[in-house]
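S.K.: I'd like to ask some things about the structure below.
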Amino acid sequence: MKQVANKDAVLRIGPDEKWINEADVSQQTNESDGYALEEALRVKEAKGEGEVVVCTLGPQSAKTVIKDALARGADRAIHVVVDNSNKISPYQIAKAIADAIRDENADLVFAGLQSDDASYGQTGVVLAELLGIPHATIVIEVDRSSLGETLRVKRELESGWYQWFTYKLPSLLTIQSGISQIRYASLKGIMAAKKKEIKDVTPSIEAFAGGQTIEKVYMPLKTKQTQMLGNGDAKAGAVELVEKLKTEVRVI
Amino acid sequence: MILVFVEHKNCVLNKTSLEAITAAQSIGRDLGLKVTAVIPCDKDCALAQEIAGYDLEKVIIAKNEKLGTYTPDGYADAWEQAIKALNPQYVVMSHTYQVRDFAPKVAARIGREVVGDCIRYTAVGGRLVLTRRIFLGKLDADVTIGGDAPYFVTFQSGAFRGDNAVKGTAAVETMDVNVGEIRMIPEDPFQEAKASVDLTKSEIIVAVGRGIKSQENIALAQQLADVLGADLAASRPICDSDWLPIDRQIGSSGQTVAPKVYIALGISGAIQHIVGMKNAGTIIAVNKDSEAPIFDIADYGIVGDLFEAVPVMVEEIKKAKG
């Protein structure tokens, strides 16, 4: 699970122009990672036994994400502590996570589909390759009743198409947002979380020659000249817009 | 050499692959590299002749009996061998759901990673600088790739135009590839619910996003749609919450539309939504957040509360229509 800038946060570009200024944005759990946790908890509940271990890579501030996950029902956590996690490439991220969780020998690994900040969209897939287990991406339903030596999952394809696959365990699933309703942390859960184990791991991030480097971030170049209407007054904007619909767009 | 991936289902082309061919041809011209298309298939793929009608050096069918239906394991094995045999500088693909599933695996296996979902590139000193959209479309990032070839690049749907792919003639070859154990069993793809609404034929669309706040408020958007003779649509979170049925969803996982007018109410404009509607004739956005990416592609924008703007729009349109 990853900590990312809040969805609605106003972003300021950092002084080196290579990332945002993280100091002034509120942070949240990456959306699809929240769904990944929910699905892991539901699989464990359906099975009636087992353990859900949360793994987060990021700076100490990402403990918020971990504590929230423990409060929602995860059993323990591994925190791969990397201060400048936005400076390492997706392969390095996946490698550090693989090294941290390999000995857990998980039956199932759940990951979010992609992060809402860098959006590399490959941590889960690369992690599966490094762990030597099969993967399914963009999973929108898990047939929990099928859980045994294998598991049947529904993948989302494009344009409203879907496909079921059956996977041998262990395997890794990347979960699509909206797969289920995410539970809230109960007061009891929050209290219980305080006693749960969080293991800090400091990885040795190996150099990776083939990595991608962000050279510069900037506001997207506008492809269109936008006429802004109403000057901040929504009602005045609405009046102006209808005039445009009449005279320029000609749909009324 | 540049390898470009041709995606298909039962030898029927996924047309997004033509965009990848356009991209690969463009990179090829800029870097002085030839382009070869690769089609994984279990037979002498009927699609190969169609692809051979483009300006490519070769069309290679990577053939194995296990490649009849897509699986990430099968495709990863096929691509790994194609890359090792052909030694390309670049591997270019469209950023489809299928490519997202297998391309990072192939790259990782040969010690590389994918620069994914790029929207454009520039060639600088014989290398590519790729531009990706990050932070849900709020920022762009220029990205370079280190190390030695091959470099894996995927382009966002719509970044290049498929009809700009240069025609020509290419030789078709078959490369027998080995495919190891497939650790997943696929069933047949299916469509969930037959779309009762075909939004691709709509002239005017009124679409709602998270800014609509509750299911009850959708009635307001419906009023606007009614006075305009428009169809109602939505971004993904609205359909995930079951406030509108999934056949109203616009975007990469829903329908792709190009109406005359698209009115986006409370839609921030995440990439996944924008790819489904950016080709609309006129885009109108109403959003509280002046920095919402939807304004980057809008022709007309109102920064403000949609609950103030929409009732006024409804009244003014009624007046205008007499």
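S.K.: Tell me the residue from A:Lys188, A:Lys199, A:Lys154, A:Lys168 that is charged (D, E, K, R) and buried (at least 19 other Cβ atoms within 10 Å of the Cβ), please.
M.R.: So the residue among A:Lys188, A:Lys199, A:Lys154, A:Lys168 that is charged (D, E, K, R) and buried (at least 19 other Cβ atoms within 10 Å of the Cβ) is A:Lys154.
S.K.: Out of curiosity, is B:Val206 farther than 21 Å from A:Tyr162 by Cα, surrounded by 23 or more Cβ atoms within 10 Å (Cβ to Cβ), at the interface with chain A (Cβ under 10 Å from one of its Cβ atoms) and not acidic (Asp, Glu)?
M.R.: Answer is no for this residue.
S.K.: May I ask you to say which residue of B:Val227, B:Val310 is within 9 Å of another protein chain (Cβ to nearest Cβ) and closer than 30 Å to A:Met219 by Cα?
M.R.: Exactly one residue qualifies, and that residue is B:Val310.
Table: residues versus (1) within 20 Å of the chain's Cα centre (by Cα); (2) buried (at least 24 other Cβ atoms within 10 Å of the Cβ); (3) of a type outside the set (Val, Ile, Thr); (4) under 22 Å from A:Glu17 (Cα atoms).
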| site | (1), (2), (3), (4) |
| --- | --- |
| B:Arg109 | no, no, yes, no |
| B:Arg112 | no, yes, yes, no |
| B:Thr131 | yes, no, no, yes |
| B:Lys138 | yes, yes, yes, yes |
| B:Thr144 | no, no, no, yes |
| B:Gly147 | no, no, yes, no |
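S.K.: Name the residues in the range B:154-188 that are at pLDDT 95 or above and touching a Leu at 6+ places or on another chain (Cβ under 6 Å), would you?
M.R.: Within the range B:154-188, B:Ala165, B:Ala170 qualify.
S.K.: Out of (1) at the interface with chain A (Cβ under 8 Å from one of its Cβ atoms); (2) within 25 Å of A:Ala118 (Cβ to Cβ); (3) crowded, with 24+ Cβ neighbours inside 10 Å, the odd one out for B:Asp240 is which?
M.R.: Here B:Asp240 clears every test but (3).
S.K.: Follow-up question, since we're still on this one. With respect to B:Ala52, determine if the residue is small (Gly, Ala, Ser) and within 29 Å of A:Leu113 (Cβ to Cβ).
M.R.: Considered against the rule, which asks whether it is small (Gly, Ala, Ser) and within 29 Å of A:Leu113 (Cβ to Cβ), B:Ala52 comes out as no.
S.K.: I'd like to verify a number: residues in the range B:115-137 that are touching a Gly at 6+ places or on another chain (Cβ under 8 Å) and assigned to a helix (DSSP H, G or I), how many?
M.R.: Selection size over the range B:115-137: 1.
S.K.: Can you pull out every residue in the range B:281-311 that is surrounded by fewer than 24 Cβ atoms within 10 Å (Cβ to Cβ), of a type in the set (A, V, I, L, M, F, W, C) and part of a loop (DSSP other than H, G, I, E, B)?
M.R.: Matches in the range B:281-311: B:Ile297 only.
S.K.: Out of the strands (runs of 3 or more DSSP E) lying entirely within the range B:35-114, which hold 3 or more residues that are within 27 Å of A:Tyr91 (Cα to Cα)?
M.R.: B:35-41, B:90-94
S.K.: Quick one: in the range A:202-237, which of the residues that are assigned to a helix (DSSP H, G or I) and facing chain B (nearest Cβ under 7 Å) is surrounded by the fewest Cβ atoms within 10 Å (Cβ to Cβ)?
M.R.: It comes out as A:Gly232.
S.K.: Got a number for residues in the range A:85-115 being surrounded by fewer than 23 Cβ atoms within 10 Å (Cβ to Cβ), farther than 19 Å from A:Ala209 by Cβ and not small (Gly, Ala, Ser)?
M.R.: 8
S.K.: Among the residues of the range B:250-269, are any outside the structural domain of B:Arg161 (by TED's automatic domain parsing), buried (at least 23 other Cβ atoms within 10 Å of the Cβ), assigned to a helix (DSSP H, G or I) and not acidic (Asp, Glu)?
M.R.: no
S.K.: Just to confirm my filter: which helices (runs of 4 or more DSSP H) fall fully inside the range A:1-120 and include at least 3 residues that are farther than 30 Å from B:Ile110 by Cβ, among the aliphatic types (A, V, I, L, M) and in contact with a Phe, Trp or Tyr (Cβ under 7 Å, 6 or more places away or on another chain)?
M.R.: none
The values are calculated or read from the model by the stated rules, or taken from the named source; none is laboratory data. Predicted model, so just to flag it, every value in this text is computed and none were measured. Positions of Cβ are backbone-derived with ideal geometry, glycine not excepted, and every protein chain shown enters the neighbour counts.
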